[in-house]
Structure formats: C-alpha cells, structure tokens
1. What number of residues within the stretch 197-217 satisfy the criterion of being away from the ligand (no atom under 16 Å from the Cβ) and crowded, with 24+ Cβ neighbours inside 10 Å?
2. On the basis of being within 16 Å of the ligand (Cβ to nearest atom), touching a Pro at 6+ places or on another chain (Cβ under 6 Å), assigned by TED's automatic domain parsing to the domain that holds Arg217 and not β-branched (Val, Ile, Thr), does His188 make the cut?
3. If you check Phe45, Phe35, Phe6, which single one turns out to be among the hydrophobic types (A, V, I, L, M, F, W, C) and at pLDDT 95 or above?
4. Name the pairs whose Cβ atoms lie under 9 Å apart, with the first residue in the stretch 30-50 and over 30 Å from Thr208 (Cα atoms), the second part of a loop (DSSP other than H, G, I, E, B) and open to solvent by 40 Å² or more (accessible area, probe 1.4 Å), and 6 or more positions between them or separate chains?
5. Loosely packed, with under 15 Cβ neighbours inside 10 Å and of a type in the set (Gly, Ala, Ser), is that true of Ser484?
6. Which numbered condition trips up Ile275, out of (1) free of Cβ contacts under 8 Å to residues at least 60 places away in the same chain; (2) within 29 Å of His214 (Cα to Cα); (3) in a loop (DSSP other than H, G, I, E, B)?
7. Checking the condition within 16 Å of the ligand (Cβ to nearest atom) and in contact with a strand residue (DSSP E or B) (Cβ under 8 Å, 6 or more places away or on another chain), which residue from Phe18, Phe80, Phe28 passes?
8. Can you give me the ranges of the helices (runs of 4 or more DSSP H) entirely in the stretch 286-391 with at least 3 residues that are open to solvent by less than 30 Å² (accessible area, probe 1.4 Å)?
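The values are calculated or read from the model by the stated rules, or taken from the named source; none is laboratory data. As the structure is a prediction and not an experimental result, all values here were calculated from the model. Note that each Cβ is placed from the backbone with ideal geometry, even for glycine, and that neighbours are counted across all protein chains shown. Just so you know, the surface numbers come from the protein's heavy atoms only, side chains and all, with ligands and any DNA or RNA stripped out. Shrake-Rupley method; radii C 1.70, N 1.55, O 1.52, S 1.80 Å.
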Amino acid sequence: MTNITFHGGVNDIGGNKFLVENKDTKIFMDFGMSFSQEGQFFSQFLGPRTSNSLNDLFELGILPKIKGLYRRDYAKHMDFGGDEETEIDAVLLTHAHVDHCAYIPYLREDIPIYCSEESKLIMQNFDETGSDQYLTAKQRFQIYENNKGQISRASGDKVAVPRRIEVFESGKGFSIDSIGVHPLPVDHSIPGVHAFILNTPEGTIGNTADLRFHGRRRDDTEKFVQKCTESDLDVLLCEGTRVDARSSITEYDVEGKVSDIVNDTKGLAICGYPIRDLDRLLSFYIAAKNTNRDLVIDMKQAYLLKLFNESPNLKGKYPGPTDKNIKIYIQRGSWGLIDKDIDIFSERQLLADYRIWQREFLDYPNALDYRDIQKKQNQYIFYCSDFRLQDLIDVKPAEGSSYIRSLTEPFNTEMEIKEDQVKNWFVHFGMLKREEDWHQIHVSGHGDGEQIKYVVEKTKAKSLVPIHTQHDEYHKKWHSNVTSVNQHDSVKL
Ligand SMILES: [Zn+2]
C-alpha cells in the first residue's frame, strides 16, 4: 500500500510537507513553513521559544508530531524522545524557497536531504550569511565540565553536526528503498527547482513543485509535462498558486521594460528584486549592459554568485562576482569605518567591521562604496533591498534618479503597510512625486490559470490533488477526478 499524507501545503500557499509511505519506506517531499499558519500566531516579536520550539509548534498544529523526525538535541530537551531510530528515509527538496524548506533546520541530522546543487548552495548561503542551520545543526542545550570543574554551556561550532545532504543530478533517477525518484527541472523564480516523479510498487506519483512557463526555462517545464504524460501518473500533486490569474508578461519582458526605464533615467537607477532570484538578477544585469551601466549588487548576492561560480557544474550560468559589469557594494560595517581615517583605526579594525564571509569582498577589484556611486550616478543600477533602505542616505540619489520595484505586489494589509514605508523613502529623496514615478515591474514564479490548465490536461494523470493553492475549484473544472484534501489527510494509491 502507498499512502500520501499532507502535513501542509494544502488549502494554503506554501508550507509543503508531503509524507509518502510504501511499506517501510517513508519519504517527505519538502519540509516548508506555512506563512499563513505562522502568521496566525506569530509575528516579528513573537515566535516559538527556542527552549520549547517543537512543543510550541506541535501545540499550534504547525509541525506534525512524528517521533524520530526531529533533531535529537531538541527532541531530548523538549521531552519528545530523541533516542529512537528514525523511520524517515529521506526528504526530497523541490527548491530552497522558505515555504518549501524553512523547517529543515528542525529535522534530525541523520535524515538525508536530497536536493539539487543549486538548492544546496542557496541553503549554504542562508547558513553562512545569516544564522540558519540548513547544512549543519549546531547542537543546543549541551553542557560540559570546564577546567575549573564547573558545568558550562557548550555552544557554536564546537558542537556542529553536519547534515546528510545528497545532491542529485538533474533528470537522473535514483532509488530510496522501494521508491524510485526522478527529479526533473522546472522553471520557477529561484535556481535549481525540481519537480518529482515517484515510482512506487502501487503506482506513480507526480509533484509539480512550483512552476511556470514564462521564465527563462520554459523548456524545462515543457519536458516535465511531457515526462508526466509518458509516466502514466496515478496521481499528480498539482500546484495552483495563481490559477485565478490571467497571463502576464515574461521574464524577458521584465528585462526589456527595465532597460527602457534605465535608458530614460538621468541619475542613479535603483532597484529591488528577490535576493535569491538569480534569473531576475540576470534581467537587471542584461538591462545594465544594454544601457552601458554596471549592476551594483550587495555582499549577500556576491557571496551567492561566488558559490555558484566555484561549482564546476554551475559556473557560467550566472555572472561571476568579478564580472566586468558587476560591482559589489561595500556597505557600512558595524562601526562604519569605511570612510574613517584608517591610520587611526587600523586596517585590522576595518576588517573587524565585517563578518568573515564579507571580508574578502573588501579587496575585490570591483568593490565600491557609497562615495563611488555618489560621484557617478548615471553609470550604475544599484540594488537596494527593502532591508537596507538606509544605504540611500549614504548614496544620496541625485535629481533624475529612478526606482524599479521588481517584487511581488502586496496581497495583504501587512505588506501594504510595508510598501507604503518603502514609498516614503523614495518620496523623501524626491524620486516619487507622481504616481507614474513608481515602476512596478515583476513577473511571478507561478503559472497563471492557462498555464496550470495546460499542465492539468497535458499530463493526463488519472487523479489530481491540488496543492499550494486556495482555489481547488479550478483544478476541478479542468479534471474529472480531483481529490481535495485537508491538512494531515491521507490519500491511498
Ligand atoms: Zn517557490
């Protein structure tokens, strides 16, 4: 018997956690966070308590209560076992968006995570430039006896346990016990996204992951659909984030529209886009080239490009961190010594202003700071994230500067408030005087209604389960055998 239990990602956009069980083989597809569920209870200043995080999340129905699934240090400290063998054989990760991967840091270290190389590098970027624990679990609640004979708290890298990360090859099948796995690349808004086709003794399961046809890799999505048709699927878990939306522009249109706006810009062109969407970075990079400017990225993006560039498989897919049309923006560090007298403070103190992963960029030939941008505003497209708008105070955008917002439009009041705040910054700098000064140029990572209808019809699966959507009525219109499920429901094959 093969069972799929939906521990998240149904009647909801994101939070995918699908448990596939065949005899003794148990595999999770994705282990993501649901924004809507977390948002019901938590906010910026109210989250699960580190000391009791698992129980807090169990209580609120956010994480499934399964023994042997969670990291041992947490499970033991929170009285949820921890000594038992795990029954979970693997987690298959479709991609490194938080609604698909953010709860991986809670998982047991010895459960292998199967993912693409791109997803691995993005998770590495999360860990090393932030405080996440995707690739290594830094053990908590550990004590040791120090040399004075006192009990001390162990912390940090001293007690880091690496996770088992198994990088799969795109398009190449492999087996996990009784289940055959085929990872197939699809087009979406972050590198390395893979849909899956699983072969079990009782039948074949497809999982679309998140997909679209209007990005730079539509052929990949097309091939996945083709493969589904050939695989005679018993059930397709089919995403439907934007089933109610009409067709939009393409990623190539974004590139063109951005080029046009930058062409008409006399001062500095400023932009905001999803930090890990390298296809979008590429659109701005191409627009910069088209307009004889350079794209100025932040250190986090430079670090991600560095990781991609160091991989023999991925080198050349995106611009490298020292590309001649890329500049790296050195932001003010903790003491802001970048423009202070270095003879007084010393080179050593300047380095101490930055985290270890940031330091090497200070010596890059293409590194620059606010003074360089201030002087030559018409030579750059300057990336400025919503979290670093203060950099505008240093950069001082001159008369005739523009801002291009290449991010999803607000779809709730919280996001509207945030967007208003962003607008205030550009009003302050005199860049937003009229409605038409606000350039919103974005395409979604998800297919519209027509595209999903095409996937539903063309894949010819015997049955369908809508996932990653709040509108299953569309799937029902397009397919005669649709099973809508609630969180924690199971479907038998
Ligand atoms: Zn996604």
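1. 3
2. Answer is no for this residue.
3. Phe6
4. Pro48/Leu60; Thr50/Arg140
5. No: the conditions fail for Ser484.
6. For Ile275, the failing item is (1).
7. After ruling out the rest, the residue left standing is Phe18.
8. Correct list: 299-310.
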